[in-house]
Amino acid sequence: MSENLPEKPQLLPAVSAFLSSPQQLLIDGERVDAKDGRTFATVNPATEEVLTEVAQASAVDADRAVTAARNAFEAGSPWSRMSPRDRSHLLWRVGDMIEERTEEFAQLESLDNGKSLASARGDVGVAAELFRYFAGWATKMEGTTIPMSVPGKDFHAYTRREPIGVVAGIVPWNFPLTMAAFKIIPSITAGNTVVLKPAEQTPLTALRLGELLLEAGLPAGVVNVLPGFGDAGAALVDHDGVDKVAFTGSTEVGKKIAAGASRNLKKVSLELGGKAPNIIFADADLDAAIAGAALAGYFNEGQCCVNGSRLYVQRAVFDEVVEGVAAAAKAIRVGDAFDPATTMGPLVSQEQHEKVMGYVRGAVADGATLAAGSPDPAADRGWFFSPTLITDVTEDMAVQTDEIFGPVITAVPFDSEDEVVAAANNTVYGLAAGVWSRDLSTAHRVGSRLRAGTVWLNTWHADDVTLPRGGYKQSGWGRELGSFGLDDYTELKTVIAELR
């Protein structure tokens, strides 16, 4: 743990200026107060100090934003008249503008979320690349011609990909900027308009992104940003003017969104929770597997839905792997984002900190053993938590079944392939999984048996904006990113003309 937290981080003038005044809602191209005047504080999780006050959207504000988005979408609006090529140029321009402001966005993200500046810079880079990648797709929303076989008549039949309409994007706090990009970019690439509700814990970079989109030339009302709490999100889900809800977050909330959307059958895409199994066979390159297991479990303070939090190790090498991962956990430097030595920041909030502590304390009370970490806070100030490795767990313990969303790995020995595959798949989730083995036949065979949307072989967190992501079972509906990511943001229309 870093002993001396920087008291006065060297903030960019742009960041200081952004934080110096209360942040408002962004509706129809204007910064406006919430209709009822409510605000809430957004807090630095490393210091527990208030960063700024933020307007708190209500159902009334949600209606204002949906109306603006609907007007911006309708025929004859500046947005509806913008050509695919112009949308492409605009998306690429935003990517460049984000990259030029990397440090500004990274500082805001680190202050609001707690992650290290190095991690935040990486997230900003991903966001910029997402804009550039999807810029290429704006001119490639193509249909197909389909031959028909009707005796005695000739037809010309073809399909069109068309925008859905108004998209409500509801995003989590673990990757605030990139998750906002996940919802906004494919939406506007396809010609939709958006109302984005960022997580109440981390609204700042979403608000700054909304401003940047306007600076880049996006017409008013195309992207609206509504910081607030669950009531604002629920109002969007329930709103008849919203055509699709795109949500990333917990499975529990995802079920509520699916139920709410069923009232008027609006489209829904969901990327939900995970409890990813990470399997290490005895023949694996253990140095790589140990480093990979630590990355899999502790990446982003453990606050990542595809993290490998369930570690299964073949019994012959179990002790060696546990010792290696424990050493890696103890070597992680936990501290403030602005401390250059920091490799892991705090958890995002007091609520999340208490949740993670509760799981670890519960596991110890049930007979589990801590190979690394502690069930207690890692500092007197800030919501820091030590990277934790737990052994002697059973498959029915909460720490083994529930998504904890903190830097906690459980390690369990196994003997046979069939045994570990059964254990790995014994979960309601199916977002990610991994296999480590020098035998590529073993790696591919086991990987094909794992019920997960992403399976890593001899690596973890390798990724690219071209690849689809999403989950099996209760880990979600649909896929994001890549060419697949546009399908959920379009309607497929069939057109049939009789030729006389």
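Among the residues in the stretch 210-217, are any open to solvent by 10 Å² or more (accessible area, probe 1.4 Å), within 20 Å of LYS266 (Cβ to Cβ) and more than 17 Å from the chain's Cα centre (by Cα)? No, that holds for no residue.
Considering (1) closer than 15 Å to LEU389 by Cα; (2) under 21 Å from the mean Cα position of the chain (by Cα), the lone condition that PHE318 does not fulfil carries the number (2). Of the residues making up the stretch 402-417, those that are open to solvent by 20 Å² or more (accessible area, probe 1.4 Å) and either in a loop (DSSP other than H, G, I, E, B) or without any contact (Cβ under 8 Å) to a residue 24 or more places away in the chain (or both) are ASP402, GLU403, PHE405, ASP415, SER416. When restricted to residues that are open to solvent by less than 50 Å² (accessible area, probe 1.4 Å) and farther than 22 Å from SER250 by Cα, the stretch 437-455 contains 5.
Among the residues of the stretch 220-268, those identified as touching a helix residue (DSSP H, G or I) at 6+ places or on another chain (Cβ under 7 Å), of a type outside the set (Gly, Ala, Ser) and part of a helix (DSSP H, G or I) are ASP231, LEU236, VAL237, ASP238, THR251, ILE257. Number of residues in the stretch 418-436 that are part of a loop (DSSP other than H, G, I, E, B) and either under 21 Å from the mean Cα position of the chain (by Cα) or buried (at least 23 other Cβ atoms within 10 Å of the Cβ) (or both) equals 5. Residue under question is ALA65, and the condition is that it be at pLDDT below 95, among the small types (Gly, Ala, Ser) and over 23 Å from SER16 (Cβ atoms); does it hold? No: the conditions fail for ALA65.
Of all residues in the stretch 353-368 being open to solvent by 60 Å² or more (accessible area, probe 1.4 Å) and assigned to a helix (DSSP H, G or I), which is nearest to ALA411 (Cα to Cα)? Among those residues, the one meeting the criterion is VAL364.
For the stretch 375-393, state whether one or more residues are more than 24 Å from GLN352 (Cβ to Cβ), open to solvent by 30 Å² or more (accessible area, probe 1.4 Å), assigned to a loop (DSSP other than H, G, I, E, B) and in contact with a strand residue (DSSP E or B) (Cβ under 6 Å, 6 or more places away or on another chain). Taking every residue of the stretch 375-393 in turn, at least one turns out to be more than 24 Å from GLN352 (Cβ to Cβ), open to solvent by 30 Å² or more (accessible area, probe 1.4 Å), assigned to a loop (DSSP other than H, G, I, E, B) and in contact with a strand residue (DSSP E or B) (Cβ under 6 Å, 6 or more places away or on another chain). Restricting the search to helices (runs of 4 or more DSSP H) fully inside the stretch 81-196 and requiring at least 3 residues that are open to solvent by 60 Å² or more (accessible area, probe 1.4 Å) gives 84-100, 117-135.
The values are calculated or read from the model by the stated rules, or taken from the named source; none is laboratory data. Computed from a predicted structure; not experimentally measured. Positions of Cβ are backbone-derived with ideal geometry, glycine not excepted, and every protein chain shown enters the neighbour counts. Just the protein is used for accessible areas: all its heavy atoms, side chains included, with ligands, DNA and RNA removed. Shrake-Rupley method; radii C 1.70, N 1.55, O 1.52, S 1.80 Å.
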